[in-house]
Structure formats: structure tokens, C-alpha cells
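Structure record follows, encoded as C-alpha cells.
No value in this document is a laboratory result; all are computed from the given coordinates. What you see is a predicted model; the values in this text were computed from it and never measured. Neighbour counts run over all protein chains shown; Cβ positions are idealised from the backbone, glycine included.
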Amino acid sequence: MFLRLFTLLSFFFFILQSQEYPEIFKTLGTPLYKVIPKINSFSDFKGLQSSVTSFTNKASICLNNGRKIDKVEDRKVIKLHLKELRKLQKSYDYIIHSIHKEIAKSIKNNDYKLFCKLTKYEMNGLLENKNIQNKAIKFYTKNAHKKTNKLLENKIEINKLLESSSQEMYNEIIQSSYNSNSKSNKKKSVGIIASRSQNIITVSLYNKNSYDVTMQIIPQYKNIKQLGNVEKEVVIKANTNFQYVRLKVLGSGAYYGYSFHWMMGSKNAKHNDNYIYRLPFAKNSAYLVSQGFNGTKTHKGSSQYSVDFVMPIGTKVYSARAGVVIKTKSNSNRGGYDKKFASSGNYVRVLHDDGTFGTYYHLKQRGVLVHKGQVIPRGFAIGYSGNTGYSSGPHLHFCVFKSMSARKIHTIKIRFNSVDGVIEEPMKGEYYKAR
């Protein structure tokens with residue numbers, strides 16, 4: 001009986017879907033309808049049967065209503081349909097939550113066959129929860145030799161890609177080393193120098209950059225005694241050097257060395273949460289948000305609080321906050337939704353007075369209008385939008401970030417000023433007009 005009902009619902013949905021989709025609700029509704037065939041594949045799971053059937057039925061009704069509303073201009077009717085879409089989204093979210101529970105059970109029971117069945121299809125929200133994703137990837141890595149899983153392979157690849165592109169987009173981890181047999185390389189912008197007086201060695205750290213950096217240091221000693229305790233991770237202020245540690249030589253064959261890595265920015269920086277940013281485009285112009293905070297495509301992890309504004313290539317970009325330009329790139333003409341473009345994006349990076357950084361990314365080739373060291377006010381023209389780097393289409397990626405450690409950055413949840421007031425959280429599908 002259930003299978004007969006399910007088949008009828010699927011057929012009914014197929015007929016509806018074959019018709020033209022309502023124009024007004026393409027952005028909001030389409031993904032929910034397109035996922036129906038994949039959702040239906042979970043109908044034979046006892047814990048999911050009723051919710052899958054309910055969702056399929058609601059989606060069919062909602063789609064049909066959308067087509068009717070597309071021909072009217074009654075705002076009340078449109079608002080009611082928007083509520084209907086939100087309820088449908090909640091139903092979808094519940095199914096994804098239920099699938100996650102089933103995946104967790106399959107991992108706990110070491111049932112790889114069931115695990116592969118539950119993770120067969122790429123669906124919006126599936127394995128987006130970081131906790132369940134990490135468990136799934138760990139479980140898959142142990143069992144991949146039995147059978148490969150396209151979804152998990154994609155997740156692993158995307159994680160690598162996001163890590164690679166975020167290093168280019170926000171900050172780079174610079175790795176290096178120093179030892180007692182090395183010659184000092186003063187060309188490095190951040191590094192270690194040492195001097196010796198009899199059996200006492202003084203080790204100092206330096207930073208030639210116009211911004212603070214966070215450095216992590218791993219020592220290696222032989223016949224050397226460290227005099228006093230030191231922090232393994234330190235902040236070096238802009239254009240400074242300081243004594244890090246003193247060492248005592250204990251005998252012949254003494255050796256000391258350090259491997260270290262550093263990242264732009266101070267881990268101690270504190271964002272001014274009272275600051276309201278300017279929208280990064282011309283006054284009285286409006287652009288669509290294609291991906292907001294926690295966006296399901298690429299705004300995860302270090303990119304969590306980023307905003308993508310859809311813009312034609314060549315749209316002038318303006319500074320959202322005053323600061324000092326500390327890095328730019330404008331020589332690339334490559335871009336696309338592929339890992340090979342991860343390091344090909346053009347950008348402008350601006351240091352703010354609270355130690356945070358603003359990044360304007362995906363700019364066009366030769367589309368940077370400012371230079372390193374330039375002090376710029378709020379609302380200053382800094383470049384032209386483009387489609388370079390890891391990008392699925394012409395847009396501007398903007399975010400504010402700070403260093404959390406020598407290996408990690410964190411994007412910051414910010415607010416924007418607009419003609420219609422303060423934007424607490426830019427929403428996908430909304431147009432915002434710059435003030």
C-alpha cells in the first residue's frame with residue numbers, strides 16, 4: 001500500500017516538475033523541489049518513510065501554488081506562500097537531521113554497507129554538520145578500500161580546496177627554520193637572529209612587516225640549556241624585534257635550532273563590534289547576496305562569516321572601512337569553479353585600526369586601484385569586481401577576519417549600513433542598497 005502511494009506521489013511530482021517553474025520563487029524554492037528524487041531514495045528506511053511521504057506531498061502542493069501566485073501581485077498571498085516555503089524548508093531540514101542520526105548509527109554499528117547507502121547522494125545540508133561530517137570522513141577513510149563513496153570523496157576534496165582557497169583569500173601560513181649552522185637570511189620579512197657572547201646565546205625574533213604577526217616556534221637543542229621559560233606562540237609587533245630567549249652552551253657539539261611558522265595578524269586583536277560597515281559598492285546601488293553567513297557552498301569553517309554579492313565584471317568596489325592596504329594581487333586572468341583556480345584570485349587586503357583585516361576578493365585582472373601602504377578612508381574606490389580564483393560566477397567576496405593563532409584565522413560576524421537601516425545578517429536572495 002505504501003509503495004503504491006509513494007509511486008503515485010512521485011508520478012504526480014514528475015508531472016508538476018515538467019511544467020515551467022514559477023519565476024518569482026526560483027531562488028527560494030527550486031533546490032527543495034529538485035532534491036525530491038534523492039529524498040525519495042530514503043523512503044524504504046523505516047524511520048524516514050512518513051517524513052519523506054509528507055515532504056513529497058507538501059512540495060507538490062507548494063510548487064503548484066507557486067505557479068498560481070506567479071500570475072498575481074497580491075503581497076498578502078505572496079507572503080503566505082513564503083511562509084509555506086519556510087515550512088517546507090523545515091520539513092527538509094528535519095529529514096536531513098534524521099538521515100544524520102541514521103548515519104551516526106551505521107558508524108556506531110560499523111555497518112559500512114548501510115553507511116554507503118545513506119551517503120549515496122549529494123544533497124543540500126547533508127553532512128554539512130561539522131561533527132557528523134568529521135565522523136563520516138574518518139569512518140569512510142578506514143573503509144574506502146571496500147567501496148569508494150562519491151559524496152565522501154567530494155567532501156574530502158572540497159575541504160582541501162576550501163583550505164587551499166582560504167589560504168589565498170585570507171592569509172598564508174609561512175613556514176621556515178633557523179639553526180646554529182645557518183647563515184642569517186635578512187631578506188625574510190619575519191625570522192630569527194642569534195648572537196653569542198662566550199657561552200651565552202641570545203635569540204631574537206623580528207618582523208619587518210607593517211602589520212603584526214603571530215608566530216609559533218618549535219625548538220631543538222643539543223648540549224644547550226634554555227634559560228627561563230618562553231611562550232611557544234608569540235605576537236611580534238609591526239616593524240619590531242625583541243629578545244625571545246637566552247641559551248647557555250653546556251659543552252662541545254652544542255646545537256640549537258628552530259622550526260617556525262607565522263601568519264599575518266595578531267592573535268590578541270579584538271574586533272570593534274560596535275563598528276557598522278559600509279556596503280562595498282557605490283552609494284544608492286543595490287546588489288544581490290548569493291551567499292551569506294554560513295552559506296552552504298563555500299562559507300564554512302574559516303569562511304563562515306563571509307558575504308558574496310553578485311556583480312557584473314568591472315563593477316567598482318569601495319572600501320567598507322578605513323585602513324591601510326597591506327597586500328594586493330591583480331595579475332590573474334584565471335577563474336572557475338575548480339580546484340585548479342584556488343590560488344588565482346585577485347584581491348585587496350586592508351588592515352583596520354583594531355588589528356582585523358578586510359578582504360575584497362575575485363577582482364578582475366588589473367582591477368586593483370590601490371597600492372600597498374596606502375591609507376584609505378571609508379568609501380574609497382579600491383578596485384573592480386571580477387570572476388578570478390575559485391568562483392562559480394562574477395561576484396565580490398567580502399569578509400573581515402583576524403588571526404586566532406599562527407595556523408588559524410576566524411572571519412567575524414559584522415553588520416552593514418544600508419538605505420533601509422542596519423543589516424544584522426545579509427540574507428541569500430536579498431538585494432541591499434548602499435547608503
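Quick look at the numbers
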quantity	calculated
Contour minus Cα-Cα distance for Glu122 and Asp93 (0.36 nm per residue)	9.0 nm
Crossing angle, helix 75-108 versus the chain [Cα axis fit, 0-90 degrees, rounded to tens]	60
Value of Rg/Rh across segment 352-435 [Cα atoms, Kirkwood radius]	0.96
³J(HN,Hα), Karplus 6.51/-1.76/1.60, whole Hz, each residue of segment 226-242, x for Gly, Pro	7, 8, x, 8, 9, 7, 7, 10, 10, 9, 10, 5, 4, 6, 9, 9, 8
For His395, distant residues with modelled amide H under 5 Å away	Met311, Gly386
Crossing angle, helix 2-17 versus the chain [Cα axis fit, 0-90 degrees, rounded to tens]	80
Peptides ranked, highest mean first, by Cβ atoms within 10 Å: ranges 275-281, 62-68	275-281, 62-68
All Cα pairs of the chain, percent lying beyond 43 Å	29
Under Karplus coefficients 6.51, -1.76 and 1.60, residue-wise ³J(HN,Hα) of segment 417-433 in Hz, glycine/proline x	8, 9, 4, 8, x, 7, 8, 6, 8, x, 9, 4, x, 9, 9, 10, 9
Other-chain or far-sequence residues with amide H under 5 Å of Asn179's (modelled H)	Tyr258
Segment His371-Lys38, extension gain: residue separation times 0.36 nm, minus the distance between their alpha carbons	114.9 nm
Trypsin sites (Lys or Arg not before Pro) restricted to segment 324-402 and DSSP loop, no more than 13 other C-beta within 10 Å	Lys372, Arg378
Segment 250-378 - Rg (one decimal) and Dmax (whole number), Cα, Å	18.6, 73
Segment Asn109-Lys225, extension gain: residue separation times 0.36 nm, minus the distance between their alpha carbons	36.6 nm
Most mobile listed residue (Phe242, Phe380, Phe357) in the chain, GNM with C-alpha springs under 10 Å	Phe242
Acute angle (nearest 10 degrees) that the helix 130-143 long axis makes with the longest principal axis of the chain, alpha-carbon atoms	90
Per-selection metrics, segment 174-264 (Cα): Rg and Dmax in Å	12.8, 40
Highest average packing first - 228-235, 211-218, Cβ atoms within 10 Å	211-218, 228-235
